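Since the structure comes first, as C-alpha cells, the remarks are kept for the end.
The values are calculated or read from the model by the stated rules, or taken from the named source; none is laboratory data. Bear in mind the structure is a predicted one, so any value in this text is a computation, not a measurement. Backbone-built Cβ (ideal geometry, glycine too); neighbour counts: all protein chains shown. Ligands, DNA and RNA are excluded from the accessible area calculation, which covers all protein heavy atoms including side chains. Shrake-Rupley method; radii C 1.70, N 1.55, O 1.52, S 1.80 Å.
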Amino acid sequence: FDSNESLSLGGFYKKFTKPVESIVVVSAQHSVTYQNAKSADNVGLEFEFRKDFEFLGAFGSDFYLSGNAAWIDSEVELAANSGIQSSNERPMQGQSPYVYNLLCGYDHPEQNAGFVTSYNVFGPRITEVGALGAPDYVEQPVHSVNLSGFYRWRGWRLSAKAGNLLDYPSKVMTGGETVEEIRYGRDYSVRFGWDF
C-alpha cells in the first residue's frame with residue numbers, strides 16, 4: 001500500500017442496558033408507545049478499504065475507490081413483564097444486519113477539481129415492534145446513489161451535487177403487506193462562490 005491506500009478488518013461487541021424501543025399498540029388509530037427491553041447485544045464485523053489507480057500511471061493516482069461494510073448480529077433480551085410484545089426473539093429495533101458503502105472519486109490536493117460518486121444500502125430493520133400478536137414493522141433495504149463535484153479557478157469555486165439518483169422507494173412492511181411506501185425524489189444543487 002502507498003500512503004493513500006488502506007485495508008482494515010475489525011470486530012466489535014456492544015452491550016445495551018435497557019434500550020428504549022418503539023412499540024406498536026394494536027388499535028384503530030395505529031398507536032405507538034415506548035418500552036424498555038431488558039438488554040441487547042450487538043456483535044459485528046467491519047471491513048474498510050481505500051485503493052488508488054496509480055497502476056494506470058500518474059493520472060490514475062488521482063482516482064480512488066473506497067468502501068466499507070458492516071455485518072451485525074443483534075439480539076434483544078426482553079424483561080419478564082414485556083408480554084405486550086409479539087416477538088420474544090428478534091434483533092434490536094432500528095438495527096440493520098448489514099450496511100454497505102462504496103465511493104469512487106477523483107481528488108488531488110494540488111488540483112482545482114474533484115468529484116465523488118457514492119453508493120450505499122442498509123439491510124432490513126425493525127422500525128416499530130409489533131405487540132399483542134401483530135407482526136413487527138420492518139423497513140426494507142434502500143439503495144442510494146449520490147454525485148458531487150467541484151471546480152476552483154482563481155479563488156472562485158463552483159460545486160454541484162445530485163442526490164438520491166435512484167429514487168429508490170422507502171418501504172415499510174408488516175406481515176407480508178406494505179403499509180408505507182415513500183419516494184423522496186431526487187435533489188440537485190449548484191453553488192458558486194469566491195474564497196478569500
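Three principal axis extents, largest first, for the C-alpha atoms of the chain, in Å?
Here the spans come out as 66, 37, 33 Å, largest first.
Placing unit charges on C-beta atoms (Lys and Arg positive, Asp and Glu negative, everything else neutral), compute the dipole magnitude of the chain about its Cα centre in debye, rounded to 20.
520
Normalised by the residues of region 109-196, what does the relative contact order come to in percent, with Cα pairs under 8 Å and at least six apart?
Across region 109-196, relative contact order equals 26 percent.
Would you work out which of Ser148, Val24, Asn120 lies farthest towards the positive end of the dipole of region 21-180, given +1 charges on the beta-carbon of Lys and Arg and -1 on that of Asp and Glu, about the Cα centre?
Ser148
Take region 65-160, compute every pairwise Cα distance, and split them into 10 Å bins from 0; I just need the percent in each bin.
Values per bin, smallest distances first: 14, 30, 20, 16, 12, 7, 1.
Would you work out what percent of the accessible area of region 96-150, with all protein chains in place, is carbon or sulfur (probe 1.4 Å)?
60
Percent relative contact order of region 44-129, based on C-alpha pairs within less than 8 angstrom and at least six residues apart?
It rounds to 27 percent for region 44-129.
Set the Förster distance to 22 Å, then compute FRET efficiency between Arg154 and Phe49 from the Cβ-Cβ distance, nearest 0.05.
For Arg154 and Phe49, the calculated efficiency is 0.05.
How high is the relative contact order of region 41-196? Use alpha-carbon pairs under 8 Å, at least six apart in sequence, and give a whole percent.
Relative contact order for region 41-196 comes out at 16 percent.
Rounded to whole Hz and in sequence order, give me ³J(HN,Hα) for region 112-117 from the Karplus expression 6.51 cos²θ - 1.76 cosθ + 1.60, θ = phi - 60°, writing x for Gly and Pro.
9, 8, x, 8, 8, 10
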